[in-house]
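Values in this text are rule-based calculations from the coordinates and carry no lab data. Remember, it's a predicted structure, so these values are computed and weren't measured experimentally. Positions of Cβ are backbone-derived with ideal geometry, glycine not excepted, and every protein chain shown enters the neighbour counts.
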Amino acid sequence: MTNIRTIGVIGAGQMGNGIAHVCALAGYDVFLNDVDAERLAAGLKTIERNMSRQVARNLISPQAMEEAVARIRSDTTQEAFADVDLAIEAATENEGTKRQIFETLRPILKHDAFLASNTSSISITKLAARTDRPERFIGLHFMNPVPMMKLVELIRGLQTSQETYEMALGLVERLGKTTTNSEDFPAFIVNRVLIPMINEAVYTLYEGVGTVEAIDKALRMGANHPMGPLELADFIGLDTCLAIMQVLYDGLADSKYRPCPLLVKYVEAGWLGQKTQRGFYDYRGEHPVPTR
């Protein structure tokens, strides 16, 4: 199997810092990059806070945490990507943004470095075609929150080589996670099922079938879901939910994937969920309060 020693992660947000976290704990040297210095600093603090929680729960030792934190380097510039064996893009769910990242990395990466995207919906074949190494490109869709969730979807593009696929299998195994293989169709497996469910919950709210509280209670207690769909949407980010629904609607041309107008309205208002303190719940007080 290809020997991966150093991993670069582009994007220090919720997904990127989680990927850096698990890679460092697994013994990889990690370079965490973000164009926003404040987001990068916040990402590093999140990693330390989440590892401290793992120590408190006896999931890892204090020494393991200390060694993992020491393995993580960070910067707002990308020069260090010249040394990575694998670069994982974990930026916002926007095709244009991702394509620009891969264009920027093109002259920096060494010729035998692998590329991966953590996209939750966008075509791996399409993204790979924008790089100089489509055969060394693969989709690695981690679940959120990365340190806790055990699944990683592997998505091979049309051009992805067997060597690249086997590298990804070995990486995920070393991270202590489980893989599932998805064909390169819009939103893959998890989000092909999950996000339309959330969209339907928003329609249920939009049409007045139930309140935010009633809908979430119904799914928690009636379907044994750990979180209600609207609470989950706030956790994921309403902008991300909308972006995935739009990929499904555009890619499959089926009216059942039409984003709910209420979801669009919340995103237009900037009420994106927990990350902006308002979504289907208002998080600015001591306890979350439904906004409808």
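Could you work out how far helix 162-174 tilts from the main Cα principal axis of the chain, as a 0 to 90 degree angle to the nearest 10? For helix 162-174, the angle is close to 70 degrees. The relative contact order of the chain, computed from alpha carbon pairs under 8 Å that lie at least 6 residues apart in sequence, is 13 percent. Would you kindly derive the ³J(HN,Hα) couplings of segment 188-194 from the backbone phi angles with the Karplus curve 6.51 cos²θ - 1.76 cosθ + 1.60 (θ = phi - 60°), listing them in order in whole Hz, with x for Gly and Pro? Karplus values, whole Hz, x for Gly and Pro: 6, 9, 4, 7, 4, 9, 6.
Per residue, the chain reaches -14000 deg cm²/dmol at 222 nm when only DSSP H runs of four or more residues are counted, each adding -39500 (n - 2.57). Positive contributions from Lys and Arg (+1) and negative ones from Asp and Glu (-1), summed over other residues with Cβ under 12 Å from the Cβ of Gly8, come out at -4. Between 0 and 90 degrees, the angle of helix 14-25 with respect to the longest Cα principal axis of the chain falls at about 40 degrees.
Close Lys pairs in segment 6-182, defined as Cα atoms under 24 Å apart and 8 or more places apart or on different chains, number 6. Couplings 3J(HN,Hα) of segment 233-247, computed from phi: 4, 4, 5, 5, x, 5, 5, 5, 4, 5, 4, 5, 4, 5, 4 Hz, in residue order, whole Hz [Karplus 6.51 cos²θ - 1.76 cosθ + 1.60, θ = phi - 60°; x for Gly and Pro]. Angle, helix 212-222 long axis vs. longest principal axis of the chain, Cα atoms, 0 to 90°, nearest 10? It is inclined by approximately 70 degrees. Once you have a ≥ b ≥ c as the square roots of the Cα gyration tensor eigenvalues for segment 192-290, tell me rounded if a/c is under 1.5, and otherwise prolate or oblate according to whether a/b is larger than b/c. Verdict is oblate for segment 192-290. What is segment 6-182 by shape, rounded, prolate or oblate, if you read a ≥ b ≥ c off the alpha carbon gyration tensor as root eigenvalues and call it rounded for a/c under 1.5, prolate for a/b larger than b/c, and oblate otherwise? Note, shape of segment 6-182 comes out prolate. Take every DSSP beta bridge whose two residues both sit in the chain, then give the antiparallel share in percent to the nearest 5. Looking only at bridges with both residues in the chain, the antiparallel portion is about 25 percent. Residues whose amide H lies under 5 Å from that of Gly8, counting only those 5 or more places away or on a different chain, are Phe31, Asp85, Leu86, Ala87, Ile88; hydrogens are built 1.01 Å from N in the peptide plane. For segment 37-164, give the share of DSSP beta bridges that are antiparallel, in percent and rounded to the nearest 5; count only bridges with both residues there. Once the DSSP bridges in segment 37-164 are tallied, antiparallel ones form about 35 percent.
Restricting the trypsin sites (Lys or Arg not before Pro) of segment 163-203 to loop positions (DSSP other than H, G, I, E, B) with no more than 12 neighbouring Cβ atoms within 10 Å leaves nothing. Computed extension length for Lys150-Arg174: 7.4 nm, one decimal, from 0.36 nm per residue of separation with the Cα-Cα distance subtracted. Under 5 Å between amide hydrogens, built in the peptide plane, is the criterion, and for Leu151 it picks out Met143, Thr178 among residues at least 5 positions away or on other chains.
Longest span of the chain, sites excluded, free of GluC sites (Glu not before Pro) in DSSP loop with at most 10 other C-beta atoms within 10 Å? Answer from the scan: 1-182.
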